[in-house]
Amino acid sequence: MTGDRRQRWLDGFAVTASVLCLIHCLLLPAILVVLPVLATMLAVPERFHAMAFALALPTSVLAIAAGYRRHGRRWPFVVAAIGLTLLGMGAFAIDGEVTERVVSTAGAVLLAVAHVGNWRALSHATDVRRPCAGEDGR
């Protein structure tokens with residue numbers, strides 16, 4: 001797999017994971033309120049957030065760092081760092097269910113924005129970094 005394809009795969013995987021996190025944080029509680037029977041059958045383990053964070057951290061760091069090396073834009077790294085910090089706080093530092101959901105949702109949204117931005121910056125970097133006429137050393 002080429003570096004460009006690997007980069008796109010990592011960013012795509014990370015965006016998908018962020019969307020799944022959003023579904024978990026926002027949609028699942030609404031479904032469980034509407035369908036109480038489902039709540040008894042779908043017990044989400046307490047360690048779920050820790051496991052999700054353990055997956056998001058290395059995947060995001062690899063994707064964002066690889067993207068930065070190629071496109072040189074810092075903002076996806078900064079936004080991803082804030083998003084990962086919020087996800088970590090939601091997983092490990094906050095006890096209240098509503099607060100945890102708000103913090104985790106904000107973190108997942110920021111992380112998804114960072115990965116989409118990383119992906120787009122990579123696409124623009126390949127277009128922008130092609131040498132213009134007269135820049136090839138002649």
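The values are calculated or read from the model by the stated rules, or taken from the named source; none is laboratory data. All of these numbers come straight from a predicted model, not from anything done at the bench. Neighbour counts run over all protein chains shown; Cβ positions are idealised from the backbone, glycine included. Keep in mind that these areas ignore ligands, DNA and RNA; they rest on the heavy atoms of the full protein, side chains included. Shrake-Rupley method; radii C 1.70, N 1.55, O 1.52, S 1.80 Å.
List of remarks:
- Each residue was assigned an accessible area with a 1.4 Å probe, and for Glu100 the value is about 30 Å².
- Multiplying the residue separation of Ala81 and Met51 by 0.36 nm and removing their Cα-Cα distance gives an extension gain of 9.0 nm.
- Among the protein heavy atoms, those of Trp119 account for about 90 Å² of accessible surface (1.4 Å probe, every chain in place).
- The largest accessible area among His124, His49 belongs to the first residue in His124, His49, and the rest follow in falling order (1.4 Å probe, all chains).
- Debye equation applied to the C-alpha atoms of segment 63-125, log10 I(q)/I(0) at 0.26, 0.28 Å⁻¹: -0.91, -1.00
- Shown is the FRET efficiency for Arg6 and Arg120, computed with R0 = 22 Å from the Cβ-Cβ distance and rounded to the nearest 0.05: 0.80.
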